[in-house]
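Single-structure report; data block below.
Here, each number is a calculation from the coordinates, and none is a lab measurement. Keep in mind the model is a prediction, meaning the values are calculated, not measured. Every residue, glycine as well, gets a Cβ built from its backbone with ideal geometry; the counts of neighbours run over all protein chains shown.
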């Protein structure tokens, strides 16, 4: 996108003033015209009447405006001023109705520069822009033989001509116009009777007529088609015979249609190109209706993949028909040898518009399709180690796929994905969805101390702990035996060491200055009598010599085995029944 701007009015029609669309005029509701360039609005002009259509005449550099008035307003873009209007004879009885519906200008042949006007009274007028004078007037509806019969009966009912278009490919001699009753008239400027009358057979007003400017997709010859649209459908038919080529129905009322150009590059001359087979028309729907007709013309260059898809559908249909008769049915994959890359990737690879001419790179809407071999070569030049990295990644992916179906012995932990050093509980706490529930457990779970079930559980736990303590003491008493101590020497040592301790306590109160500062004596613990500080020694029994090197699990197993040996026969039978 080159630029965009926000309009301050509803846009009804636009006309390009240059072949590269850098200068254009927009017509809005009412009488306002806005002139634009690629940067901003250049000028706003108000015309004296309500508008129906505008036209740019490149031979005189004039902008023509028509509408409810019978005159054609002329604005000279070279001088930037209004010039004398064309005073036509196209008038209607109701002043609120449009007097002139459409305009067209011849660009080739002897009628170059002649402006054709389609009026609301069923007449067509021609004005020579070189002399600013009327060149002729033709009453289309009143002088047209109904259905092309030779009976000589004419239609004397007045009908509006809604659109007129010029054929620039037939030496500038043909034009066609459509009325409000669903009929299209093809004229030669040298004749007063139509060459052909095409009826849509639905009595709906003609919205637009257009001479198709495209070449056949099969033999490359120019197509001789006229495209006409009423409010419900778009019809394509031969301009020489009137034979129908195809018809496209619309889901809502049609307002306008156009064919996309074959070439996409409008930045360098020549700007004009043939029409493609992509038909777009706007109607009362949220989206523009787009249809591709491959038999009419090729797809645009920037959407060349449409030709491949159409060819694939054609071969698939042909193979399906052959399969019904017993032939082998084949399938074809579209763009199997191409890789899609975005515009950013194209800039990274250094691909320019000149590189798309050989067909190895096919542009599309927002990128391009590039051949796989060429893409690999460009990738190798840009990043030489990319192939090795891709091969390693592919090898790891295949290894992972092969091992995913196997049952591993240990739980697999992927630190990179789950976060290294984080437990599942810590990861859940960091998640804002579970932080409130897992943050403070006291607020969610509370113990009811008054519940009798809770009291019974506490009593049961206390009893089990007491039994376990008794068993542990009994087991330890069986492992060790008490060694008696003489205790005579201990009393002598205590009596000798007592005066020494009292002297040490007195010296603690003497400071470095030599003064005596008695400290508060320590409170002696009351003693109920004489206490003998004796040490009780234990000796390990001979059958339990390795008790210090055994594990807790082994010791527990020995305790359990010993308890089972001490059980009586009755207790053993009860235990077997419980199991």
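Quick notes on this structure:
- Annotation: peptides 464-477, 15-28, ranked by per-residue average of other Cβ atoms within 10 Å with the highest first, follow the order 15-28, 464-477.
- Computed from the Cβ-Cβ distance with R0 of 60 Å, the FRET efficiency linking residue 202 to residue 83 stands at 0.90.
- Spin-label pair residue 112-residue 578: with each label point 7 Å from Cα along the Cα-Cβ axis, the two points sit 11.8 nm from one another.
- At 1.306 mPa s and 10 °C, Stokes diffusion of the stretch 338-390 via Kirkwood alpha-carbon radius, µm² per second: 140 µm²/s
- Going by neighbour counts of Cβ atoms within 10 Å, the residues 31, 162 line up, fewest first, as 31, 162.
- Taking each residue as 0.36 nm, the span from residue 377 to residue 44 lengthens on full extension beyond its C-alpha to C-alpha distance by 114.4 nm.
- Each residue, residue 171 and residue 137, gets one label point 7 Å from its Cα in the Cβ direction; the gap between the two is 2.9 nm.
- R0 of 41 Å, Cβ-Cβ distance residue 460-residue 406: FRET efficiency to nearest 0.05: 0.35
- Look at the alpha carbon pairs under 8 Å that are at least 6 residues apart: their mean separation over the length of the stretch 1-46 gives a relative contact order of 27 percent.
- Calculated SAXS-style log₁₀ I(q)/I(0) at q = 0.19, 0.22, 0.25 Å⁻¹ - the stretch 5-86, Debye, Cα scatterers: -0.80, -1.09, -1.40
- Rounded to the nearest whole angstrom, the semi-axes of the ellipsoid equivalent to the stretch 180-239, taken from the Cα gyration tensor as √(5λ), stand at 22, 17, 8, largest first.
- Using the Cβ-Cβ distance between residue 243 and residue 392 with R0 set to 60 Å, the FRET efficiency from 1/(1 + (r/R0)^6) comes to roughly 0.40.
- Annotation for residue 10 and residue 448: the two label points, set 7 Å from Cα along the Cα-Cβ direction, are 7.1 nm apart.
- Between residue 433 and residue 477, the contour length at 0.36 nm per residue exceeds the alpha carbon distance by 10.3 nm.
- The alpha carbons of the stretch 1-46 stretch over 28, 20, 17 Å along the principal axes, in descending order.
- Highest average packing first - 453-459, 46-52, Cβ atoms within 10 Å: 46-52, 453-459
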